[in-house]
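What follows is a short report on a single structure.
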Amino acid sequence: MKLIEKFISLIPYKARLAMYHIPFINVGRAILSRIMPSTTLVRITGGPLKGFQMWIDLKCQKYYWLGTWEPAVQETLGRVIQPGWVCYDIGAHIGYFSLMMAQLTGSNGKVFAFEPDPDNFSLLSKHIHLNGFNHIIEAVPFAVSSSSGKATFQKGSSSSTGKLSRSSDREGLEVEMVSLDDFVYRMGYPQPDFVKIDVEGFEGEVLNGASRVLAQSRPTVLCEIHNLQAAKDVLARFKEAGYEVLNIEGDFEAVNKPEFGNHWLAFHRGSQGELRRRFFR
């Protein structure tokens, strides 16, 4: 395994990203997936987290190991998050972006990583400890939505696609659910400077439970849009809250109509407009 890691580390990072767009490479990746071990402790071989340790399934999570997972998101985090910021990672999965946020915000900052799936939460906690970020990252075993209470969580076809159930009749895991407004203003946690949302179609519900946070804390928000209804809800909520919305996969162009399959970056026009001008001229 160490020899493979050493070989992979010799491939330039940009070349790794480019290989995902070469058709015959997919055949090689499929073959590689068959021979690779499953859950294994590895050192990330490239990208901002190079050298960090994670337990990953090399059959289906090689992008973490290679450091090539969602490069546009990685670039955006690096350009936006400032030292000392408080960051919320909603839908933290096993902590890849939580670790990156902790690296960027530094010892004077704080990261709250929300992950309701018990299996993911276990790995998230291990990764925080393995990489020495216990003092920066706090793992929170809650789902985030429009209100607080109990909810049903359904596992997905992969570890990253689980989500809350919209029907109380469906089977699943009972989890704790919290709104961001309750988390900050009722439970007393620090107001966020930055929020990342990846909740498999429940993006609108997260923002519906964050009215006061958006109005008073005015965090910068990075949100993955999973379907058209979520796109409509999110865009309406941001506009209502006085936010400007940019498409990070579209050269940071303004988003004026609902569309999905992208990540949107939102700044409040009042408090974060200068941040937009500073990084995205």
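Points worth noting:
- All positions within the stretch 117-148 that are assigned to a loop (DSSP other than H, G, I, E, B) and either within 14 Å of the chain's Cα centre (by Cα) or under 19 Å from residue 52 (Cβ atoms) (or both): 131, 132, 133, 134, 135, 136
- Residues satisfying the stated conditions in the stretch 216-269, i.e. small (Gly, Ala, Ser) and either out of contact with any strand residue (DSSP E or B) (no Cβ under 8 Å at 6 or more places or on another chain) or surrounded by 14 or more Cβ atoms within 10 Å (Cβ to Cβ) (or both): 217, 230, 231, 236, 241, 242, 250, 261, 266
This table checks each residue for (1) closer than 22 Å to residue 185 by Cβ; (2) acidic (Asp, Glu); (3) modelled with pLDDT under 95; (4) not assigned by TED's automatic domain parsing to the domain that holds residue 79.
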| residue | (1), (2), (3), (4) |
| --- | --- |
| 206 | yes, no, no, no |
| 213 | yes, no, no, no |
| 249 | no, yes, yes, no |
| 261 | no, no, yes, no |
| 270 | yes, no, yes, no |
| 275 | no, no, yes, no |
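- Some residue of the stretch 68-88 being crowded, with 16+ Cβ neighbours inside 10 Å, assigned by TED's automatic domain parsing to the domain that holds residue 214 and in contact with a Cys (Cβ under 8 Å, 6 or more places away or on another chain): yes
- Residues located in the stretch 148-189, provided they are exposed (fewer than 11 other Cβ atoms within 10 Å of the Cβ) and acidic (Asp, Glu): 169, 171, 174
- One residue stands out among those in the stretch 132-142 that are of a type outside the set (Asp, Glu) and within 15 Å of residue 187 (Cβ to Cβ): the one that is surrounded by the most Cβ atoms within 10 Å (Cβ to Cβ), which is 140.
- Restricting the stretch 47-70 to residues that are touching a Ser or Thr at 6+ places or on another chain (Cβ under 8 Å) and part of a helix (DSSP H, G or I), the residue that is farthest from residue 160 (Cα to Cα): 66
- All conditions in (1) over 21 Å from residue 88 (Cβ atoms); (2) in contact with a Gly (Cβ under 9 Å, 6 or more places away or on another chain) hold for residue 224, with the sole exception of (1).
- Any hit, the stretch 227-238, residues being closer than 21 Å to residue 87 by Cα, modelled with pLDDT of 90 or more, under 16 Å from the mean Cα position of the chain (by Cα) and of a type in the set (A, V, I, L, M): no
The values are calculated or read from the model by the stated rules, or taken from the named source; none is laboratory data. In this text, all values refer to a predicted model and were calculated from it rather than measured experimentally. Note: ideal-geometry Cβ built from the backbone for every residue, glycine included; neighbour counts use all protein chains shown.
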